[in-house]
Amino acid sequence: MPFVNWLKRHLVVIAGLFTLGYLLLPNIVVTVFSFNKPKGRFNYQWQQFSTDAWKDPCGVADMCGSLSISLQIAFWATLGATVLGTMIAFALVRYRFRARGAVNSLIFLPMAMPEVVMAASLLTLFLNLGAQLGFWTVLIAHIMFCLSFVVTAVKARVMSMDPRLEQAAQDLYAGPFQTFIRVTLPIAAPGIAAGALLAFALSFDDFIITNFNAGSTVTFPMFVWGSAQRGTPVQINVIGTAMFLIAVLFVLTSMVISNRRNRQKA
């Protein structure tokens, strides 16, 4: 039958489109309800189209303050985890040392451990050290659990690198620093960028570990959780939609730049 044959040929594409639609559905709902004007405190039912929330995204008290704290923590956690994770990944791939296998296993442990266990362990550590819970304890915790993801992304990229390229640079009298800057780093850059983006997303979105170790500091996910108990302002959907659109724009820009480079090489 023609339809059955057509379905067999396009089954993978259809399944991919359905999966993509399923993944994007929550973002679409958030975007649609960012233009809602609810009659009550909760923004769960469509009432009336309005752009009031977009005109005043910081109209809810303390929301933009919590967003600023989340962005600061995510930025510094990404920076710290990316620098440390990149160095660890190069060390694990390029060097042989004692307990290398144990270090590899320990690096992946935070990825396999339940977040609530890690959060409670970090809280116990900070309390025993006498540390005051707040911005810095959250930042340290975020760097710790983001580190594993950065190491995984960078390590996969470094393992796929051809060592002959660096050897060729050295044959052309390039020093170690020059070889690293002009050969090694550009090749490893996609893995480093992927790890950094993943770390930023995980840090910005984290709630469980942050809630245990934040003290009086309120991040944006904590603000959203607290607001859900009293009423969800439309501005939360506005911030969520803006973050989603920025991420999509970043990905599209990266794709355009990558395609242009490929065309120039061709």
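A few notes on this one:
- Check on Ala242, closer than 24 Å to Ile107 by Cβ, of a type in the set (A, V, I, L, M, F, W, C) and open to solvent by less than 60 Å² (accessible area, probe 1.4 Å): no
- Number of positions in segment 74-108 that are closer than 25 Å to Ala214 by Cα and part of a loop (DSSP other than H, G, I, E, B): 0
- A Cβ distance below 7 Å, combined with a sequence gap of six or more or placement on separate chains, defines the contacts here; from segment 189-204, residues that are among the aromatic types (Phe, Trp, Tyr) reach residues that are open to solvent by less than 60 Å² (accessible area, probe 1.4 Å) in the pairs Phe200/Ala74; Phe200/Thr78; Phe204/Ser70; Phe204/Ala74.
- Every pair of residues 6+ apart whose Cβ atoms lie under 6 Å, when the first sits in segment 43-69 and is under 23 Å from Thr210 (Cβ atoms) and touching a residue at least 60 places away in the same chain (Cβ under 8 Å) while the second is part of a loop (DSSP other than H, G, I, E, B) and open to solvent by 40 Å² or more (accessible area, probe 1.4 Å): Ser66/Val218
- Pair list, Cβ under 7 Å, 6 or more apart: segment 218-233 residue of a type in the set (Gly, Ala, Ser), other residue modelled with pLDDT under 85: Gly231/Arg41; Gly231/Phe42
- Looking only at segment 13-36, and only at residues there that are part of a helix (DSSP H, G or I) and touching a residue at least 12 places away in the same chain (Cβ under 8 Å), the one that is surrounded by the fewest Cβ atoms within 10 Å (Cβ to Cβ): Val32
- Total residues in segment 205-221 satisfying the condition of being hydrophobic (A, V, I, L, M, F, W, C) and open to solvent by less than 30 Å² (accessible area, probe 1.4 Å): the figure is 3.
- Qualifying helices (runs of 4 or more DSSP H) (wholly inside segment 118-205; at least 2 residues being under 26 Å from Asn104 (Cβ atoms), out of contact with any Phe, Trp or Tyr (no Cβ under 6 Å at 6 or more places or on another chain) and of a type in the set (Lys, Arg)): 135-159
- Taking the criterion of being under 25 Å from Ala201 (Cβ atoms), in contact (Cβ under 8 Å) with a residue 40 or more places away in the chain and not hydroxyl-bearing (Ser, Thr, Tyr), the residues of segment 122-139 that qualify are Leu122, Leu123, Phe126, Leu133, Gly134, Phe135, Val138, Leu139.
- Candidate set: segment 109-145, residues that are more than 18 Å from the chain's Cα centre (by Cα) and of a type in the set (Phe, Trp, Tyr); chosen: the one most open to solvent (accessible area, probe 1.4 Å): Trp136
- Hits in segment 146-181 - residues which are of a type outside the set (D, E, K, R), more than 30 Å from the chain's Cα centre (by Cα) and either closer than 17 Å to Tyr95 by Cα or buried (at least 20 other Cβ atoms within 10 Å of the Cβ) (or both): Gln167, Pro176
- Filtering segment 245-266 to residues that are more than 20 Å from Ser34 (Cβ to Cβ), open to solvent by 100 Å² or more (accessible area, probe 1.4 Å) and assigned to a helix (DSSP H, G or I) leaves Met255, Arg260, Arg261, Arg263, Gln264, Lys265.
- Restricting attention to segment 122-159, the residues that are of a type in the set (Ser, Thr, Tyr) and more than 30 Å from Ala193 (Cβ to Cβ) add up to 1.
The values are calculated or read from the model by the stated rules, or taken from the named source; none is laboratory data. Given the structure is predicted, the values throughout are model-derived calculations rather than measurements. Please note: Cβ atoms are built from the backbone with ideal geometry, for glycine as well, and neighbour counts cover all protein chains shown. What goes into the accessible areas is simple: the full protein's heavy atoms, side chains included, and nothing from ligands, DNA or RNA. Shrake-Rupley method; radii C 1.70, N 1.55, O 1.52, S 1.80 Å.
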